[in-house]
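Following: one structure in structure tokens, then a few remarks.
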Amino acid sequence: MQDAKGNVKIISTELLSDNWGKLNKVKYEYRLKDGSVQVQEREVYDRGNGAVILLYNKEKQTVVLTRQLRIPTWFNGNTNGLMIEACAGMLDDKHPEERIKIEVEEETGYTLAEVKKIMEVYMSPGSVTEILYFFVAAYSDTMKTGEGGGSEHEQENIEVLEMPFKEAMAMIENGEIKDAKTIMLLQYAVINNLLG
């Protein structure tokens, strides 16, 4: 297998946008296995890294998800723009475990003592630098310490959804859940018998 590190040479980086994240046009040389060199150009979007979590309750056989407006999906056929997702957020220079606990409290109103990291994933490696840290955590009604709904200063309008696990799985089949990170976490729960 070829190690790209010594085979990539950046020729130029042009900043195209610096708003919520940074969008750069990168020109680089890539040395192939046969020794020849290709010059390639790609756009690279850096919005930082994030974390996502599936909250599950084994006794009740339920999971906690969220529903919120995701305007990019509206531009690509999601007629109301709403997405059902696992709780997630950007790290904002915090450790992934610390950040996901904060996000859970802000978005769902649950306060978690512990979470379990299960994997790290590049969600769209062809254009986005982001690594997403995946977590799972058991929850109970006693952990509900607030309303949730998201952060006001981030203009979040998040609906908290506690639903039967079987219903969430059926929503993948019928197309109501189309979010990749959420599907991955729900499938992880099946494979690892979290609610079994």
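Taken together, the values in this text are just the output of simple stated rules run on the coordinates, not laboratory data. This one's a predicted model, so the numbers in the text were calculated from it and none came from an experiment. As a convention, Cβ positions derive from the backbone with ideal geometry for all residues, glycine included, and neighbour counts pool all protein chains shown.
Give the calculated FRET efficiency between Lys117 and Thr142 to the nearest 0.05, with a Förster radius of 30 Å applied to their Cβ-Cβ distance.
Given R0 = 30 Å and the Cβ-Cβ separation, E is 0.80.
Using a Förster distance of 45 angstrom, determine the FRET efficiency expected from the C-beta separation of Ala170 and Lys94, and round it to 0.05.
0.85
May I ask you to list the chymotrypsin sites (Phe, Trp or Tyr not before Pro) in the stretch 1-103 that are in a DSSP loop and have at most 10 other Cβ atoms within 10 Å of their Cβ?
Listed in order of number, the matching sites are Trp20, Phe75.
Convert 25 °C to kelvin, take the viscosity as 0.890 mPa s, use the Kirkwood radius over C-alpha pairs of the stretch 5-46 as Rh, and evaluate the Stokes-Einstein diffusion coefficient in µm²/s, rounded to a whole number.
Estimated diffusion coefficient is 220 µm²/s.
Let me know the longest stretch in the chain that avoids all GluC sites (Glu not before Pro) found in a DSSP loop with at most 14 other C-beta atoms within 10 Å.
Result for the longest clean stretch: 1-58.
I need the Debye-formula profile for the chain: one equal scatterer per C-alpha, no solvent, reported as log10 I(q)/I(0) at q = 0.13, 0.17, 0.19 1/Å, two decimals.
Debye curve over Cα of the chain, log10 I(q)/I(0) at q = 0.13, 0.17, 0.19 Å⁻¹: -0.78, -1.14, -1.33.
Using the structure shown, list the pairs from Lys58/Lys117; Lys117/Lys178; Lys116/Lys178; Lys116/Lys144; Lys58/Lys116; Lys22/Lys116 with a Cα-Cα distance above 21 Å, or answer none.
Check vs 21 Å cut-off fails for Lys117/Lys178; Lys116/Lys178; Lys22/Lys116.
Determine, from the Cβ-Cβ distance of Ser12 and Tyr45 and an R0 of 22 Å, the FRET efficiency 1/(1 + (r/R0)^6), rounded to the nearest 0.05.
Approximately 0.80, to the nearest 0.05.
Could you give the angle, 0 to 90 degrees to the nearest 10, between helix 96-108's Cα long axis and the longest principal axis of the Cα atoms of the chain?
For helix 96-108, the angle is close to 50 degrees.
Using just the helices of the chain, give the 222 nm mean residue ellipticity in deg cm²/dmol: DSSP H runs with n ≥ 4 each add -39,500 (n - 2.57), and the total is spread over all residues, rounded to 500.
So the calculated ellipticity at 222 nm is -5500 deg cm²/dmol.
Eigenvalues of the Cα gyration tensor times 5, then square-rooted: what semi-axes does that give for the stretch 92-160, in whole angstrom, largest first?
Semi-axes (√(5λ), whole Å): 23, 16, 10.
How high is the relative contact order of the stretch 50-191, in percent, with contacts defined as C-alpha pairs under 8 Å that are six or more residues apart?
It rounds to 31 percent for the stretch 50-191.
What angle do you read, to the nearest 10 degrees and between 0 and 90, between the alpha-carbon axis of helix 180-191 and the longest principal axis of the chain?
Long axis of 180-191 versus the principal axis of the chain: about 60 degrees.
For the pair Asn19 and Gln187, how long in nm is the line joining their label points, each one 7 Å along Cα→Cβ?
Result: 3.2 nm between the two label points.
Which value does Rg/Rh take for the stretch 63-132 over its C-alpha atoms, Rh per Kirkwood?
That ratio equals 1.00.
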